[in-house]
1. Over the alpha carbons of the range 73-202, what is the largest minus smallest coordinate on each principal axis, giving the biggest first in Å?
2. Would you pull out the residues with amide H under 5 Å of TRP62's amide H, same chain only if 5 or more places away, H placed 1.01 Å from N?
3. To make sure I understand, if each residue's beta carbon is the centre and we count other beta carbons within 10 Å, what order do PHE116, PHE130 fall in, fewest to most?
4. Based on the mean of other Cβ atoms within 10 Å per residue, sort peptides 103-112, 55-64, 152-161, 176-185 so the most packed one is first.
5. What spacing in nm lies between the two simple spin-label points modelled at ARG122 and ARG103, each 7 Å away from Cα in the Cβ direction?
6. Can you pull the one-decimal nm distance between simple spin-label points at ARG141 and GLN47, each 7 Å off the Cα toward Cβ?
Amino acid sequence: MVRSQTRNAITVVGSLIAILAVILAYVLISPQLFRPPGPGVGIATGQIAPSFTAPDVNGTSWNLSLHRGQVVLIDFMGARCTTCGIEMSAGGLQGLYARYGSRGFTILSVDVALAFPSLGARTPEEAWRFVHGLNPDNSTRWPAGSWSVIFDAQGIAATYAITALPMKYLLDGSGKIVWKHLGYSSSQDTDALEAQITAILP
């Protein structure tokens, strides 16, 4: 009886150690989920966001300068980025766009195909499907994001000093970066972003 209890205790301890090892390994291989944002990451707030012109996945030219006067959230993501998928499934961005899209707020998702080949989409269509929440068989993964999507083959991510995913920059009507966030956006992070949006909307 004592030996049986001892074996059970050893089994439980071994299982706990294995679980902790898996969690530690996940943290080490997924820094984009746990890495906290900091002032030294990316372009500093207060700077004017670098302008760019690039075709979206539908072939329409998207010129950042032409969106002056709008509040713009640039969402650097990857269609094969697990953290990005978790964030999209939470629906935070979709909710913000639904509430403020008619008031001068817009979102641009930039799939980092060139900078992060293992995390970015393989094709523009894959990037579009990711944001619109569609699997290859057209089944729904999450509520669709109906904003513009760019398949970044021009190096926009490098211009914005993107080193991990997801990464977001919020620009005011003058094109100035007023908020940025690296990593998964929790509900508290989304609330903070919403407060920034409402504060600068005209």
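Quick note: the coordinates plus some simple rules give every number you see, no bench work behind them. Fair warning: this is a prediction, and the values are worked out from it, not measured in the lab. Note that we place each Cβ from the backbone using ideal geometry, even for glycine, and neighbour counts take in every protein chain shown.
1. Rounded to whole Å, the extents work out to 39, 32, 23 Å.
2. For TRP62, the qualifying residues are ALA54, ASP56.
3. Numbers: PHE116 21, PHE130 26.
Starting with the residue having the fewest Cβ neighbours, the order is PHE116, PHE130.
4. On the way: 103-112: 22.8, 55-64: 13.5, 152-161: 17.6, 176-185: 19.5.
Going by the mean number of other Cβ atoms within 10 Å, highest first, we get 103-112, 176-185, 152-161, 55-64.
5. 4.2 nm
6. Calculated label separation equals 3.0 nm.
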